[in-house]
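Student: Please read through the structure below; I'll follow up with questions.
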Amino acid sequence: MPFVNIELVDGVFTSTQKHAPAKAITDVMVKFEGFEAFRSVTWV
């Protein structure tokens, strides 16, 4: 299971802004792993 840990500065980003990069990073991990099934086991 891939695990990506990213720390953001407190109080700078909205909830929506926090979710956008998490989705984008998950998309990249799925692309490089080659299987859509990895989406459900990738943690960002």
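Student: At 0.36 nm per residue, and after removing the present C-alpha to C-alpha distance, how many nm does the segment from ASN5 to ARG39 gain when stretched out fully?
Tutor: 10.7 nm
Student: Would you grab the residues whose amide H sits under 5 Å from the one on VAL4? Only those 5+ places off in sequence or on another chain, please, with H modelled 1.01 Å from N.
Tutor: Under 5 Å from the amide H of VAL4: TRP43, VAL44.
Student: Give the longest segment of the chain that steers clear of chymotrypsin sites (Phe, Trp or Tyr not before Pro) in DSSP loops with at most 14 neighbouring Cβ atoms within 10 Å, not counting the sites themselves. Intermediate values should be presented prior to the final figure.
Tutor: Working: sites that count: PHE13, PHE35.
Between exposed loop sites, the widest span is 14-34.
Student: Nearest 10 degrees is fine. How inclined is helix 15-33 to the longest principal axis of the chain, computing both from alpha carbons?
Tutor: Tilt relative to the chain: about 20 degrees.
Student: Using Rg/Rh (Cα atoms, Kirkwood Rh) as the read-out, say which of (i) 1.03; (ii) 1.23; (iii) 0.94 was calculated from these coordinates.
Tutor: (i)
Only the coordinates and a few stated rules stand behind these numbers; no lab work does. Computed from a predicted model, the values in this text were never measured in an experiment. Every residue, glycine as well, gets a Cβ built from its backbone with ideal geometry; the counts of neighbours run over all protein chains shown.
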